[in-house]
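> Mind having a look at this structure? Questions to follow.
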Amino acid sequence: MSLEYAESRIKEALKISGGNRIKARQQIIAWTFEDAKLLHALAKPHLSGIVAYNIERVASGRADAVRAQTTSNKSNAKPNKKAENAEEEFGVELLKALAGSSQMFGLEDAGAPQKRAQTSQAHVDAIRAMARQKKKTD
């Protein structure tokens with residue numbers, strides 16, 4: 001029942017908005033503030049994941065850390081020097097990697113570089129054929 005209700009409200013929003021999906025989305029969001037049944041119908045398939053995420057966030061302490069950071073930013077406290085240094089170090093490592101130094105990121109294999117594969121004869125023939133075509137048109 002709830003899925004059908006959500007779909008009928010979506011169709012109604014699309015009709016009101018003249019098929020404009022962005023306006024229909026805005027209309028549906030506005031309706032959810034007044035229509036708990038619609039909100040539940042839309043969120044039901046995702047509710048388990050939403051709840052699990054929030055439980056993990058609170059249990060791990062991330063919620064408190066974010067709240068503390070938000071509070072400290074509001075009071076214009078000095079930023080955490082340790083966090084700043086970690087960000088700077090990461091930035092330097094990233095720039096070194098882009099510049100071609102031998103920093104290893106992710107799951108790259110640190111083994112010896114592999115040799116380039118031999119060019120296939122079909123590839124060589126195709127390039128020669130294109131070169132001949134180019135000479136004929138010039």
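> If a paramagnetic tag sat 7 Å from the Cα of ARG67 along the Cα-Cβ line, which residues of region 47-61 would have the backbone N under 15 Å from that point?
54-61
> I'd like the Karplus ³J(HN,Hα) series for region 24-31: coefficients 6.51, -1.76, 1.60, θ = phi - 60°, whole numbers in Hz, and an x wherever there's a Gly or Pro.
5, 4, 4, 5, 5, 4, 4, 5
> Once you list every other residue whose beta carbon is under 12 Å from the beta carbon of ALA6, what net charge do they have if Lys and Arg are +1 and Asp and Glu are -1?
0
> Taking the Cα centre of region 2-73 as the origin, how large is its charge dipole in debye, to the nearest 20, when only Lys and Arg (+1) and Asp and Glu (-1) carry charge on their Cβ atoms?
220 debye
Values in this text are rule-based calculations from the coordinates and carry no lab data. Given the structure is predicted, the values throughout are model-derived calculations rather than measurements. Here the Cβ is made from the backbone with ideal geometry for all residues, glycine too, and neighbour counts use every protein chain on show.
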